[in-house]
1. Near LEU67, within a Cβ-to-Cβ distance under 14 Å, what is the net charge of the other residues, with Lys and Arg +1 and Asp and Glu -1?
2. Lysines near LYS111 by alpha-carbon distance under 26 Å, same-chain residues fewer than 8 away left out - which ones?
3. What does the net charge come to around LEU141 if you take all other residues with beta carbon closer than 15 Å to its beta carbon, with K and R at +1 and D and E at -1?
4. Please give the calculated 222 nm ellipticity per residue for the chain, where each DSSP H segment of at least 4 residues contributes -39500 (n - 2.57) and the sum is spread over every residue; nearest 500 deg cm²/dmol?
5. Given a Förster distance of 30 Å, report the FRET efficiency between GLU121 and ASN42 from their Cβ-Cβ distance, rounded to the nearest 0.05.
6. Along the Cα→Cβ direction, 7 angstrom out, place labels at ALA216 and SER68. What is the inter-label distance in nm?
7. Compute the whole-percent fraction of alpha carbon pairs in region 63-157 spaced more than 15 Å apart.
8. Mind ranking 107-118, 73-84 by how tightly packed they are, going by the mean number of other C-beta atoms within 10 angstrom, highest first?
Amino acid sequence: MALLKDQLITCLTDWMAYDTKLTILSEQESTSIEAKSRLAQNEIETQVTGFLLRQSGLSEFAARELLSQIVVTEPLARWHSLLTLSLFYTDIACLQNNTLHRDQARYYDLKADAARVQLFETGIGIVYQPIPKAPLPFVVLAPGANAPRFLRARVRFVSASGAVGALSSEFNLDLTNGETAQLSFASLPANVSGWLLFLGETSDPLYRATTAPVPAGATVEVTPSLPAIGAPVANPEAQLPDQYFIHSPQLWR
């Protein structure tokens, strides 16, 4: 599972699972569903902070710091998707004065509110040692005389205990002129002891290309022969919650 602060909680694929006409509407209107998703995430972070203040007894500063440890569970992702749709249709209804869009906005608003209640009842999941989503590594291409190849790549951070963070965004390694690529991270965040590299000729599947976590400052050299085409390596799921903050009339101590 990804962390709340890694990226937007959900994306177009998630929203279209609820409403397949979103891309058409978003292209036709001046409003942007991506912008509404960012507003939805801000609203969720504010409400989650308030929930933590009420349920944990933490200070406001400590509650806000805890946001970086929150895991995106299924109820949290559902709330974000439905709230995004509610904000999107509310905006379209105002622009067009359209009854149908107003009804859809009301429908998604009610569903989002129900998802919020369910999340707080089932609990906000947190991890004690958060491993963030990895950014893109530093890449240097060097001339070579290898066979041409074009690779897709992603990386992820790993802790000393073996816990992994979310996969990075996909990036390309263009080795079509026989080059080699050198990948590295000059430094790593707290709780992170190394990083793993995954490669493939397509986005899915990707193959693990590092046998062990790579420490900060070390370089991984990618040649067109890496990785060998074979069975894809199963990618472990990112961190699962260590604790849940659940709605309770009593304060946590």
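None of the figures in this text is laboratory data; all of them are computed from the coordinates on show. Keep in mind that what you see is a predicted model, and the values were worked out from it rather than measured. Glycine also receives a Cβ, built like all others from the backbone with ideal geometry; neighbour counts cover every protein chain displayed.
1. Combined, the nearby Lys, Arg, Asp and Glu give -3.
2. Once the sequence-local lysines are set aside, what remains near LYS111 is LYS5, LYS21, LYS36.
3. -2
4. Values: 6 runs with 90 residues, N = 253.
-11500 deg cm²/dmol, from helical runs alone.
5. 0.85
6. 1.4 nm
7. On the way: 3308 of 4465 pairs.
So the pairs more than 15 Å apart make up 74 percent of the total in region 63-157.
8. Highest to lowest by the protection proxy: 73-84, 107-118.
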